[in-house]
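S.K.: This is the structure I have questions about; it appears just below.
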Amino acid sequence: MRMRGMAILFGVAAALLLRPAAAWALGLPKVFENGPKIFRTGPLPEPFDKEEELQGYESGYACDVRGLLGSYYAVGNCRPVAFQGDSYIDEPQLVSAIQARYPENAMRRGFWGRFGWLVLFATAASAVAFGLRQLRTGRRSAERGAR
């Protein structure tokens, strides 16, 4: 019974990893992310903040990202945009005003978005090191017991 439960759990986890859209639909976080992402920088600069058709838009940078569990280990090809939700506007005058007001390092990525992949990597490396240590000490104990 225990093996059967583990097999079912493993199958569900594998299915969600192989079909990230299904995991996303269930409200689970995306495991791997690869594609565009918009990072907020602040309100639109003047005079664009007063334009009627731009009401509700904010300044940000649209970047190509690669990440793991909401932490991005590769962020590149960033360009200033005015965005609302997933839609954005990148007209040249607006882009120039946003870039003049907010440098690229003003993107709000948060601690996890910027450094979380290091935490995940350190955790995985520690788990592997611990597992190898357990294997090594387990063999020594077995050798001592056999004598």
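The values are calculated or read from the model by the stated rules, or taken from the named source; none is laboratory data. Please read these numbers as outputs of a predicted model, since none were measured by experiment. All Cβ positions, glycine included, derive from the backbone under ideal geometry; neighbour counts span all protein chains shown.
S.K.: With the structure loaded, tell me whether PRO45 is surrounded by 10 or more Cβ atoms within 10 Å (Cβ to Cβ), at pLDDT 85 or above and either part of a loop (DSSP other than H, G, I, E, B) or not assigned by TED's automatic domain parsing to the domain that holds LEU120 (or both) or whether it fails that test.
M.R.: Here the answer is yes, as PRO45 does meet what is asked.
S.K.: Residues that are more than 25 Å from PHE32 (Cα to Cα) and free of Cβ contacts under 8 Å to residues at least 12 places away in the same chain: does the range 99-115 have at least one?
M.R.: yes
S.K.: Which one is surrounded by the most Cβ atoms within 10 Å (Cβ to Cβ) among residues in the range 48-90 that are among the acidic types (Asp, Glu) and closer than 28 Å to LEU120 by Cβ? Explain how you work it out, then say what you get.
M.R.: Here is the first cut: in the range 48-90, the residues among the acidic types (Asp, Glu) are 49, 51-53, 58, 64, 86, 90.
If we keep only those that are closer than 28 Å to LEU120 by Cβ too, we end up with 64, 86.
Values: ASP64: 15, ASP86: 8.
Once the filter is applied, the top-ranked residue is ASP64.
S.K.: Okay, moving on. Filter the range 54-86 down to the residues that are closer than 24 Å to LEU44 by Cβ and not in a strand (DSSP E or B) and list them by number.
M.R.: Across the range 54-86, the qualifying residues are LEU54, GLN55, GLY56, TYR57, GLY85, ASP86.
S.K.: Still on this structure, I have one more. I need the full set of residues from the range 87-108 which are small (Gly, Ala, Ser), farther than 12 Å from LEU44 by Cα and either at pLDDT 90 or above or not in a strand (DSSP E or B) (or both), in order please.
M.R.: If the condition is that a residue be small (Gly, Ala, Ser), farther than 12 Å from LEU44 by Cα and either at pLDDT 90 or above or not in a strand (DSSP E or B) (or both), then ALA106 is the only one that fits.
S.K.: Output the residue which, of all residues in the range 22-42 that are charged (D, E, K, R) and closer than 17 Å to LEU120 by Cβ, is modelled with the highest pLDDT.
M.R.: GLU33
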